[in-house]
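Note sheet for the following structure.
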Amino acid sequence: MAAPQIPIEVDEATGVWRTDGLPMVYLPRHFLVNNHLAVEEALGLEAYRRILQIATEKSALHWCRSEAKTHGLAPEATVRHYFKRLSQRGWGQFSVDLLDSAGGRGHLSLRNSVFALEAGAAQGKRVCYMFEGFVTGAFRYLLGDSSRALAVACYEAQCVAEGSHEHCRFDVEARPG
């Protein structure tokens, strides 16, 4: 099976890589994971998790807004496109199992997570928490302006690195804030 084609434009004058007009960075997986683990160790898991939640949620919202405008996508199609693109860029293979904007909840599965692959299946702990903000940001986009009045939370419900799961799973829920 041929790998999906991702449009990459390289500006010859600046060397900046872009996909769908957004600047990108291409780097080895071990570099990303080693930096991630070094910051986690320096700050502590919970402090780092909170920082990532804010930063990655903001980035997901930015990406969804940009892609919706670029491609003329409706909110649900934009969210599905977001997770498709993440899957095509080496983060792992995401599948959207449930997107219930009316009920304020969703479930996503992740196979071959970059963090779980690097950690290995015998860690006995969840290591893919960076994706929680990706999910809350995309879900906030799905919910539109009403999401500002809601508390949107994502939880890594299971992780391959725990040693007993075939895939990682994320649950997201919105409640009145």
Any idea which of Gly92, Gly104 is in contact with a Leu (Cβ under 9 Å, 6 or more places away or on another chain) and farther than 19 Å from Trp63 by Cβ?
Gly104
When every residue in segment 2-48 that is of a type in the set (A, V, I, L, M, F, W, C) and assigned to a loop (DSSP other than H, G, I, E, B) is compared, the one farthest from Trp63 (Cα to Cα) is Ala2
Restricting segment 144-165 to residues that are in contact (Cβ under 8 Å) with a residue 12 or more places away in the chain and among the acidic types (Asp, Glu), which is farthest from Gly120 (Cα to Cα)?
Glu156
First in segment 117-128 and within 22 Å of Cys154 (Cβ to Cβ) and loosely packed, with under 11 Cβ neighbours inside 10 Å, second anywhere and at pLDDT 90 or above and among the polar types (S, T, N, Q), Cβ under 6 Å, 6 or more apart
none
Report, ordered by the first and then the second residue, all pairs with beta carbons closer than 9 Å, sequence separation of six or more or different chains, a first member in segment 64-93 that is free of Cβ contacts under 8 Å to residues at least 24 places away in the same chain, and a second member that is outside any helix (DSSP H, G or I) and of a type in the set (Ser, Thr, Tyr).
Ser87/Ser95; Gln93/Ser109; Gln93/Ser113
Looking at this structure, is Leu73 at pLDDT 95 or above and in a strand (DSSP E or B)?
no
Which of the residues spanning segment 64-91 are buried (at least 19 other Cβ atoms within 10 Å of the Cβ) and either polar (S, T, N, Q) or more than 17 Å from Gly106 (Cβ to Cβ) (or both)?
Glu67, Thr78, Trp91
Of all residues being modelled with pLDDT of 95 or more and either among the β-branched types (Val, Ile, Thr) or closer than 22 Å to Ala68 by Cβ (or both) in segment 101-113, which is surrounded by the fewest Cβ atoms within 10 Å (Cβ to Cβ)? Just the residue, please.
Arg105
Quick check, is Leu27 free of Cβ contacts under 8 Å to residues at least 40 places away in the same chain, farther than 18 Å from Cys128 by Cα, in contact with a His (Cβ under 7 Å, 6 or more places away or on another chain) and among the hydrophobic types (A, V, I, L, M, F, W, C)?
no
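The values are calculated or read from the model by the stated rules, or taken from the named source; none is laboratory data. Computed from a predicted structure; not experimentally measured. Cβ atoms come from the backbone with ideal geometry, glycine included; neighbour counts cover every protein chain shown.
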